[in-house]
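The values are calculated or read from the model by the stated rules, or taken from the named source; none is laboratory data. These figures come from a predicted structure and were not determined experimentally. Don't worry about glycine lacking a Cβ; one is built from the backbone with ideal geometry, like all the others, and counts go over all protein chains shown. Note: areas computed on protein heavy atoms with side chains; ligands, DNA, RNA excluded. Shrake-Rupley method; radii C 1.70, N 1.55, O 1.52, S 1.80 Å.
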Amino acid sequence: MTESLARTPEQPSSEGEVSSARFWNAAQGGKDNYERDRAAVEAVEKVAPGITADARSARQFLRRTVRWAAAEAGVTQYLDLGAGLPLEPDIHQIVRRHQPGARVLYVDNDPVVLAHQSAYQDPPLSSYIDADMRDTDVIMHHVADRFDLSEPVMLTFSSVLGHFPDEEAHGVTGRLLARLAPGSCLMLSHDIPTPSIIAACEAYSAAPGALPYQPRTVEELLRFFEGMDLVDPGLVPLFAWRPDDETEVTEVMGYGAVGRTRA
């Protein structure tokens, strides 16, 4: 896979097909989506009221964790896996307020995201690569070119690991963390199997072009942080992680945490 440095035309999807990236962009209140994506979001919201609030909550959680890492933990390097479509403020726009010398690398392999990747390109602060997050050797090759691997890195997985079975999800996080410096962070947000989420997953997965999503229990999510120190307040509902004035209190559908590797 090669790095793309300029905006490319979005590859048209099949007639009536829903894009996973555009679906979540629509659910989070973004503008880079089509009528069919918004219709799919509305259909899921009807069977699972609150799913759009859950999607917004995941985005808010991402922003709070990144701000904590930059402002309080002093982390200067960020690797965003499964970045999805830009939705300001994005990671690089948040961290530069606290760490002007930071570096951010966004990773996705969705043609829809690739078409919008110019919004992620702000050299030398941030860049984007077109890569499958499971191709950790490819990703680490680019990371080594941009980051100082003797210093901590924050990995962010914002509601994306549900698209992968356990073996692949743990393989990705484990292989990446094993090659990062002590003090590196794993940020993870993920939906849990509430009745609403199960109904939402069934409705969403039925849409043409959608990627199936598998929720995980709190106990299953804790496995991703084995051998790490959880940052207070631990693994909690998304809105309960260091809330600020912009945090929406929603029905509990998603959990999130930040873990740090030990020396």
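Just to be sure, is ALA55 of a type in the set (A, V, I, L, M, F, W, C), touching a His at 6+ places or on another chain (Cβ under 7 Å) and open to solvent by less than 30 Å² (accessible area, probe 1.4 Å)?
Details: of a type in the set (A, V, I, L, M, F, W, C): yes; touching a His at 6+ places or on another chain (Cβ under 7 Å): no; open to solvent by less than 30 Å² (accessible area, probe 1.4 Å): yes.
When the stated conditions are applied, ALA55 does not pass them.
Look through ALA257, ALA263 and report the one residue that is at pLDDT below 90 and small (Gly, Ala, Ser).
Checking each option against the conditions leaves just ALA263.
Any chance the range 178-186 includes a residue that's at pLDDT 95 or above, within 19 Å of the chain's Cα centre (by Cα), among the small types (Gly, Ala, Ser) and assigned to a loop (DSSP other than H, G, I, E, B)?
Within the range 178-186, one or more residues are at pLDDT 95 or above, within 19 Å of the chain's Cα centre (by Cα), among the small types (Gly, Ala, Ser) and assigned to a loop (DSSP other than H, G, I, E, B).
Any idea how many residues of the range 9-38 are modelled with pLDDT of 85 or more and touching a helix residue (DSSP H, G or I) at 6+ places or on another chain (Cβ under 9 Å)? Quick ask: steps written out before the conclusion?
Step one: of the range 9-38, the residues modelled with pLDDT of 85 or more are 21-22, 25-38.
With touching a helix residue (DSSP H, G or I) at 6+ places or on another chain (Cβ under 9 Å) added as a condition, the list becomes 21-22, 25-34, 36-38.
Final tally of qualifying residues: 15.
Which ones in the range 202-219 are free of Cβ contacts under 8 Å to residues at least 24 places away in the same chain and either over 24 Å from ALA39 (Cβ atoms) or open to solvent by less than 20 Å² (accessible area, probe 1.4 Å) (or both)?
Result: GLU219, single match.
Just one of (1) open to solvent by 10 Å² or more (accessible area, probe 1.4 Å); (2) in contact with a strand residue (DSSP E or B) (Cβ under 9 Å, 6 or more places away or on another chain); (3) among the charged types (D, E, K, R); (4) under 21 Å from ILE129 (Cβ atoms) trips up ASP90, so point out which.
With (1) open to solvent by 10 Å² or more (accessible area, probe 1.4 Å); (2) in contact with a strand residue (DSSP E or B) (Cβ under 9 Å, 6 or more places away or on another chain); (3) among the charged types (D, E, K, R); (4) under 21 Å from ILE129 (Cβ atoms) applied to ASP90, the lone miss is (1).
Can you confirm whether GLU226 is within 30 Å of SER126 (Cβ to Cβ) and over 16 Å from the mean Cα position of the chain (by Cα)?
In short, no.
Every residue in the range 159-177 that is crowded, with 24+ Cβ neighbours inside 10 Å and either within 12 Å of the chain's Cα centre (by Cα) or modelled with pLDDT under 95 (or both), please.
SER159, VAL160, LEU161 - these are the residues of the range 159-177 that are crowded, with 24+ Cβ neighbours inside 10 Å and either within 12 Å of the chain's Cα centre (by Cα) or modelled with pLDDT under 95 (or both).
Residues checked against (1) crowded, with 24+ Cβ neighbours inside 10 Å; (2) modelled with pLDDT of 95 or more:
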position	(1), (2)
PHE61	yes, yes
TYR78	yes, yes
LEU85	yes, no
ASN109	no, no
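When you check ARG242 against the structure, is it among the basic types (Lys, Arg), surrounded by fewer than 19 Cβ atoms within 10 Å (Cβ to Cβ) and either in contact (Cβ under 8 Å) with a residue 40 or more places away in the chain or not in a loop (DSSP other than H, G, I, E, B) (or both), yes or no?
Yes.
In the range 189-201, what residues are more than 19 Å from LEU81 (Cβ to Cβ) and either buried (at least 20 other Cβ atoms within 10 Å of the Cβ) or of a type outside the set (Val, Ile, Thr) (or both)?
Result: PRO193, PRO195, SER196, ILE197, ALA199, ALA200, CYS201.
Condition first: over 21 Å from GLY84 (Cβ atoms) and polar (S, T, N, Q). Now tell me which residues in the range 204-263 satisfy that.
THR217, THR261
Can you find a residue that is out of contact with any Ser or Thr (no Cβ under 7 Å at 6 or more places or on another chain), at pLDDT below 95, open to solvent by less than 50 Å² (accessible area, probe 1.4 Å) and in a helix (DSSP H, G or I) anywhere in the range 133-154?
No, because not a single residue in the range 133-154 is out of contact with any Ser or Thr (no Cβ under 7 Å at 6 or more places or on another chain), at pLDDT below 95, open to solvent by less than 50 Å² (accessible area, probe 1.4 Å) and in a helix (DSSP H, G or I).
At pLDDT 95 or above, small (Gly, Ala, Ser) and surrounded by fewer than 17 Cβ atoms within 10 Å (Cβ to Cβ): does that describe SER126?
Answer is no for this residue.
Which residues, counting only those in the range 63-76, are buried (at least 23 other Cβ atoms within 10 Å of the Cβ) and β-branched (Val, Ile, Thr)?
Those that are buried (at least 23 other Cβ atoms within 10 Å of the Cβ) and β-branched (Val, Ile, Thr): THR65, VAL66, VAL75.
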